[in-house]
Structure formats: C-alpha cells, structure tokens
Amino acid sequence: MKPAKNTMTVLITGASGGIGSAIAQLLAADGHRLLLQGRNAERLQALRASLPHSDDHLVLAADLLDADQRRQLVERCATIPGGVDVLINNAGVSQFALLADMSDETLARMLQTNLLVPMALTRDLLPLLQRSERPAIVNIGSAFGHIGHPGFAAYSASKSGLHGFTESLRRELADTGVRVHYLAPRAVDTEFNTTAVNELNRSLGNQSDSPQRVAEQCLRLLQSRASGRRFIGWPERLFIKVNALFPAVVDSALAKKLPVIRQFALQNIQASK
Ligand SMILES: NC(=O)c1ccc[n+]([C@@H]2O[C@H](COP(=O)([O-])OP(=O)(O)OC[C@H]3O[C@@H](n4cnc5c(N)ncnc54)[C@H](OP(=O)(O)O)[C@@H]3O)[C@@H](O)[C@H]2O)c1
C-alpha cells in the first residue's frame, strides 16, 4: 500500500542500537514507515513490536560489512511499495584505545563501518531515493569528527571522513532535490560507550545526552527544507569552532588531560581482553 502524502519511508541503519531505536520511536510516533536495519534480528523485532503502528514497519537484518548482504538489502529496498524517501546512516562502532593497541582488524572495521559503508550504501540507494518527492540522507557523525581526541584516533578519523563525505555529497547533489544532512552528537548514553569511556567522561566533566535528544535533532533536520548540519551540546559546539580556528588551544587543553585519558584507555583495553 502506498503511504499517505506526508508519510516518509525511512531506512535507519543501526536501528537496534540506542540512538537508532530512539530515532525509530520518534519517527514512528510522527507517522512514518520504517525499515529497521541492524545485525541483531531479535532486537529489531522487539523494537518493531514496541513501535506505534508496528505492522507498518519492516525489519531488514544484515551485516553491512558483508557486501552481499548489503546488495540484498538494497535489492529489498527497491521492492518496497512507494519506494524509500530517507536513508539514515546511523550504524557505527568505536574502540577507546591508544593507537599502539589497535590491530589492523580494529582499524579496518572502524573505517569500514563508520565511513565506507555509509558511502557505499548511499551510492547504491541514491537512484531509489531520487525517485522520491522529498529525498533525504542523514549521516550521524560525532563531535570527535571535529575534535581529534586522544584514545579515539581511528574513530575520530572515521567520523571526520564522514563529515567530509557529507559536505562533498551535499554540494555534488545541490542541483537535485536530495537533502544531505549531518548530525554530530557529543557523548550519548547508550551501550556504545564502555564503562571506561563513561568513567573518562565523568572524570573529564564531559556531559552526555539521552538518545531521545539526538532523535529530536534528527527529526528537526528531516523537517527542514534545506540540507542542514547540527552539532549537539554546549560547550562542545564552542570547542569545535575554537578547534577549527585555533587548534593549538585545544592541543594544550587536551595535553593536560593526557595522563587520565591514557589510564582509562589502558583500563578499557584490559577489560576487553
Ligand atoms: N553513543 C555515543 O556516545 C555517540 C556519540 C556520538 C556519535 N555516536 C554515533 O551514533 C551512532 C549510533 O550509536 P549508538 O550510541 O546508538 O550505538 P549502539 O547502541 O552501539 O548501536 C550501534 C548500532 O550499529 C549497528 N551496527 C554496528 N555494526 C554494524 C554492521 N556491521 N552492520 C549493521 N549494523 C551494525 C548495531 O547493530 P547490532 O547491535 O544489531 O549489531 C547497532 O544497531 C553511531 O554512528 C555512533 O558513532 C554515538
């Protein structure tokens, strides 16, 4: 059945996670039809059952690192009656560790999941999105994509790359109807952050947000007519600007915190063994 005029069909990657589930809850309450993507089919089914109008939503479980599964996902999306209007590239992974402690496999997994997968999925879904009357892409970045942070070198690199990709694509598609949004949260209370990361944040006085706050900002982007960028949290928004203009100021602030960051990074690696 073709959805009503203002109803969007939205593919959310990483819908089984904290932020993805919160986005799903908000969009479903707003009347949109969801394609819930993630690896954990059980969690996705439980999420679907908890959503308003649960019968309207579909679970599309796949490991996005697997090219065949990604291809099947895109093929399945092409069969959705009424098409797909929005892609939210939200799936992501992180590891809090010093670079010396990160294996090739960890580096590759982070860069692939956080950067290459959103690029490839966007490319493969674009022809389908462009058939929509109101096509949009939302890339979920991170404050750490704008402030390279010790202990998060690979994660910061992947999210910085995602921001560069979003900016290029927004400009590349400027004369099409596709809106390309970017949303960069600071720390968010989800399973994404290990005990050591939460302790680091407490120790450094870093604030964290609820996943619902991120979901509200995501909905606002989707409601806007033009492509948009949003950075969540104060003073993080200020730090991002200071870092862009005067990186030496942030270098010296973070240098003072290095002993604490190193201590928690080592604790995190030991806990993961
Ligand atoms: N939490 C934070 O502090 C924070 C801050 C800034 C930005 N972010 C960004 O927000 C996004 C969501 O994070 P979150 O906090 O909601 O994390 P989360 O609760 O750990 O959820 C991560 C999601 O990504 C999915 N995923 C990971 N690898 C995948 C793969 N290979 N194929 C398919 N799905 C995969 C997971 O699926 P399964 O569980 O089903 O495997 C899960 O649904 C990420 O991009 C993250 O970088 C998070």
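The values are calculated or read from the model by the stated rules, or taken from the named source; none is laboratory data. All values derive from a computational prediction rather than experimental measurement. Positions of Cβ are backbone-derived with ideal geometry, glycine not excepted, and every protein chain shown enters the neighbour counts. Just so you know, the surface numbers come from the protein's heavy atoms only, side chains and all, with ligands and any DNA or RNA stripped out. Shrake-Rupley method; radii C 1.70, N 1.55, O 1.52, S 1.80 Å.
Numerical summary
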item: Residues that are open to solvent by 20 Å² or more (accessible area, probe 1.4 Å), under 21 Å from residue 28 (Cβ atoms) and touching a helix residue (DSSP H, G or I) at 6+ places or on another chain (Cβ under 8 Å), drawn from region 209-227; result: 210, 212, 216, 219
item: Count - residues of region 49-91 that are in contact (Cβ under 8 Å) with a residue 24 or more places away in the chain, assigned to a loop (DSSP other than H, G, I, E, B) and open to solvent by 30 Å² or more (accessible area, probe 1.4 Å); result: 6
item: Residues satisfying the stated conditions in region 29-56, i.e. away from the ligand (no atom under 15 Å from the Cβ) and touching a strand residue (DSSP E or B) at 6+ places or on another chain (Cβ under 6 Å); result: 32, 33, 56
item: Close pairs from region 14-36: first over 16 Å from residue 89 (Cβ atoms) and open to solvent by 20 Å² or more (accessible area, probe 1.4 Å), partner in a helix (DSSP H, G or I) and more than 13 Å from the ligand (Cβ to nearest atom), Cβ under 8 Å, at least 6 apart; result: 25/50; 26/216; 26/219; 30/219; 33/56
item: Out of 244, 248, 255, sole residue that is under 27 Å from residue 88 (Cβ atoms), among the small types (Gly, Ala, Ser) and in a helix (DSSP H, G or I); result: 244
item: Count of residues meeting criterion [within 12 Å of the ligand (Cβ to nearest atom) and either open to solvent by less than 30 Å² (accessible area, probe 1.4 Å) or basic (Lys, Arg) (or both)] in region 168-189; result: 7
item: Residues of region 149-179 satisfying the condition of being under 27 Å from residue 260 (Cβ atoms) and more than 15 Å from the chain's Cα centre (by Cα); result: 149, 150, 151, 152, 153, 154
item: Among (1) open to solvent by less than 50 Å² (accessible area, probe 1.4 Å); (2) without any contact (Cβ under 8 Å) to a residue 60 or more places away in the chain - the single one residue 206 does not satisfy; result: (1)
item: Candidate set from region 144-153 (those that are within 12 Å of the ligand (Cβ to nearest atom) and part of a helix (DSSP H, G or I)); member that is most open to solvent (accessible area, probe 1.4 Å); result: 144
item: Within region 92-113, considering residues that are open to solvent by less than 40 Å² (accessible area, probe 1.4 Å) and either touching a Gly at 6+ places or on another chain (Cβ under 9 Å) or at positive phi (or both), the one farthest from the ligand (Cβ to nearest atom); result: 97
item: Lone qualifier among 116, 121, 125 - being in a helix (DSSP H, G or I), open to solvent by less than 10 Å² (accessible area, probe 1.4 Å), within 23 Å of residue 184 (Cβ to Cβ) and within 12 Å of the ligand (Cβ to nearest atom); result: 121
item: Residues being within 11 Å of the ligand (Cβ to nearest atom) and not β-branched (Val, Ile, Thr) - total across region 190-206; result: 6
